[in-house]
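Novice: My questions will all concern the structure given below.
The values are calculated or read from the model by the stated rules, or taken from the named source; none is laboratory data. On a predicted model such as this, the values are computed, not experimentally measured, just so you know. Cβ: placed from backbone, ideal geometry, glycine included. Neighbour counts: every protein chain shown.
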Amino acid sequence: MLTLYRRHQKSCEHREEGRRYRRCKCPLWVQGWLGKQYVRKSLGISDWGKAQSLIREWEASNMIRQPAKEPTTLEEACDEFERDAIARGLREPTVYKYRLLFRRLRSFAKHRGFRYLIDFDLSSLRDFRATWPNTNLAAIKKLEALKTFFKFAYDSGWISEDPAKKLKNPQIVQCPTLPFERDEMQRTVAACDRYAQCGKDDSIYGQRLGALVLVLRYSGLRIGDAVTLSRERVKGGKVLLYTSKTGTPVYCPLPEIAVEALEELPVDSPYYFWTGQSKRKSAVGDWQRSLAKLFKLAGVENGHAHRFRDTYAVENLLAGVTLEQVSVLLGHQSLRVREKHYAPWVRAPQGQLETSVRTAWAGG
């Protein structure tokens with residue numbers, strides 16, 4: 001007769017209760033006699049129902065039926081997914097986000113005593129999601145990454161069903177578009193002259209920071225594209241807005257104040273705000289910290305780089321530039337993105353609405 005039991009991990013809070021406790025997710029083992037053979041081994045799974053079915057099959061046939069191959073481990077699956085992502089040419093920031101997800105997933109698996117990919121079910125994935133600090137769009141993006149990983153595992157034949165596809169998206173609170181007020185922009189630009197960076201030449205660094213602020217404001221570039229802006233992309237008072245997300249080339253004129261700020265920067269690199277020697281992510285992080293300090297110095301609450309992009313979009317819309325043209329300048333991939341964030345600022349529909357209301361007055 002074979003006896004099924006859980007072999008509790010050191011991290012399991014029910015370890016003191018011994019074999020009597022079955023409701024955790026620690027690995028399952030079997031011990032006892034099968035005919036004349038003594039058995040004591042790990043089953044490589046943590047699902048109690050699946051383990052019972054396997055034991056009944058062994059006892060019915062009076063022999064141990066080894067699986068065709070050992071189940072795929074979580075470590076093997078993560079490594080294979082990353083190799084495939086690199087082979088498909090995914091951008092480094094995207095691959096990096098998967099690495100962060102896998103790091104958290106491995107930590108969760110170690111805590112639960114999981115080794116194989118088949119150890120994960122819908123319930124455990126819900127528990128895993130509950131450990132995330134992310135909310136709103138960040139939580140949805142991480143969930144999409146998790147679903148992509150488990151779909152990859154299912155398509156590879158490593159799991160018989162995909163538990164992640166049953167996970168529901170979290171409710172999100174949509175943050176409104178928040179452009180800078182004119183006064184906030186003036187204070188931010190003025191604060192660049194008073195900026196002090198410990199360990200750096202204050203005047204040069206403040207000058208470079210001021211130029212970055214103007215580029216962000218008048219080009220609408222994302223912080224990553226602005227920081228890595230090369231000198232060859234600014235010619236004739238125009239900047240080539242070749243965004244890394246869409247790869248769509250668009251030329252945008254810059255005001256004279258922004259062009260002069262760029263021309264006055266020391267020529268010590270092919271880039272205006274980056275040496276080109278460090279990682280792109282590190283350079284972006286350095287400038288984001290500098291901007292946070294700048295906003296504090298200027299007395300601008302909730303200041304961050306993306307608000308320059310919102311300001312660029314809203315000011316163009318209020319000036320009469322069409323939503324489609326602004327979408328091209330911003331490099332949006334989806335019509336839904338531009339409509340969700342910027343449609344309230346379009347002047348034409350608002351003017352048509354006001355005209356219709358006044359017409360209704362005349363008819364009354």
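Novice: Condition (residue is at pLDDT 95 or above and among the aromatic types (Phe, Trp, Tyr)) applied to region 135-149: is it met by at least one residue?
Specialist: Yes; the residues of region 135-149 include at least one that is at pLDDT 95 or above and among the aromatic types (Phe, Trp, Tyr).
Residue-wise test of (1) of a type outside the set (A, V, I, L, M); (2) in a helix (DSSP H, G or I); (3) at pLDDT below 85; (4) under 17 Å from Ser290 (Cβ atoms).
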{"residue": "Leu214", "(1), (2), (3), (4)": "no, yes, no, yes"}
{"residue": "Lys245", "(1), (2), (3), (4)": "yes, no, yes, no"}
{"residue": "Val259", "(1), (2), (3), (4)": "no, yes, no, no"}
{"residue": "Leu262", "(1), (2), (3), (4)": "no, yes, no, no"}
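Novice: Moving to a separate point now. Look through Arg83, Arg91, Arg106 and report the one residue that is of a type outside the set (Gly, Ala, Ser), surrounded by fewer than 11 Cβ atoms within 10 Å (Cβ to Cβ) and under 30 Å from Lys281 (Cα atoms).
Specialist: Result of the check over Arg83, Arg91, Arg106: Arg83.
Novice: Only one of (1) part of a helix (DSSP H, G or I); (2) more than 18 Å from His111 (Cα to Cα) fails for Gly18. Which number is that?
Specialist: For Gly18, the exception is condition (2).
Novice: Test each condition in (1) surrounded by 15 or more Cβ atoms within 10 Å (Cβ to Cβ); (2) modelled with pLDDT under 90; (3) farther than 30 Å from Ile257 by Cβ for Cys192 and report the one that comes out false.
Specialist: Unmet for Cys192, out of (1) surrounded by 15 or more Cβ atoms within 10 Å (Cβ to Cβ); (2) modelled with pLDDT under 90; (3) farther than 30 Å from Ile257 by Cβ: (3).
Novice: Continuing with the same structure: Return the only residue of Ser160, Ser156 being closer than 30 Å to Asp121 by Cβ, surrounded by 13 or more Cβ atoms within 10 Å (Cβ to Cβ) and modelled with pLDDT of 80 or more.
Specialist: Just one listed residue meets the conditions, Ser156.
Novice: Can I ask one more? Which pairs do you get when a residue that is among the hydroxyl-bearing types (Ser, Thr, Tyr), found in region 127-141, comes within reach of a residue that is assigned to a helix (DSSP H, G or I), reach meaning Cβ atoms under 9 angstrom, with the pair 6+ apart or on two chains?
Specialist: Taking only residues 6 or more apart or on different chains, the pairs are Thr131/Arg104; Thr131/Ser107; Thr131/Phe108.
Novice: Has region 176-189 got any residue that is loosely packed, with under 12 Cβ neighbours inside 10 Å, at pLDDT below 85 and not aliphatic (A, V, I, L, M)?
Specialist: Initial filter on region 176-189 (loosely packed, with under 12 Cβ neighbours inside 10 Å): 176, 181-183.
Still in the list and also at pLDDT below 85: 176.
Going one step further and asking which of them are not aliphatic (A, V, I, L, M), we end up with 176.
For region 176-189, residues loosely packed, with under 12 Cβ neighbours inside 10 Å, at pLDDT below 85 and not aliphatic (A, V, I, L, M): present.
Novice: Right, here's the next one. Of (1) within 28 Å of the chain's Cα centre (by Cα); (2) assigned to a helix (DSSP H, G or I); (3) farther than 16 Å from Leu214 by Cα, Gly276 satisfies all except one. Which?
Specialist: Condition (2) is where Gly276 drops out.
Novice: Something else now. Step by step: first the residues of region 146-165, then only those that are of a type in the set (D, E, K, R) and under 21 Å from the mean Cα position of the chain (by Cα), then the one that is nearest to Phe102 (Cα to Cα). Which residue is that?
Specialist: Among residues in region 146-165 that are of a type in the set (D, E, K, R) and under 21 Å from the mean Cα position of the chain (by Cα), the one nearest to Phe102 (Cα to Cα) is Lys147.
Novice: Mind counting the residues in region 8-66 that are over 45 Å from the mean Cα position of the chain (by Cα), surrounded by 13 or more Cβ atoms within 10 Å (Cβ to Cβ) and either closer than 22 Å to Asp121 by Cβ or of a type in the set (Ser, Thr, Tyr) (or both)?
Specialist: 0
Novice: In the list Leu125, Leu74, Leu143, Leu117, which residue meets the criterion of being buried (at least 18 other Cβ atoms within 10 Å of the Cβ), under 18 Å from the mean Cα position of the chain (by Cα) and under 29 Å from Glu13 (Cα atoms)?
Specialist: Residue meeting the stated conditions: Leu143.
Novice: Using beta carbons and a limit of 7 Å, which pairs, at least six apart or on different chains, have the first residue in region 241-256 and among the β-branched types (Val, Ile, Thr) and the second one in a loop (DSSP other than H, G, I, E, B) and at pLDDT below 80?
Specialist: Close Cβ pairs (under 7 Å, with a partner that is in a loop (DSSP other than H, G, I, E, B) and at pLDDT below 80) amount to Thr243/Gly331; Thr246/Gly331; Thr246/Gln333; Thr248/Gly331; Val250/Leu241.
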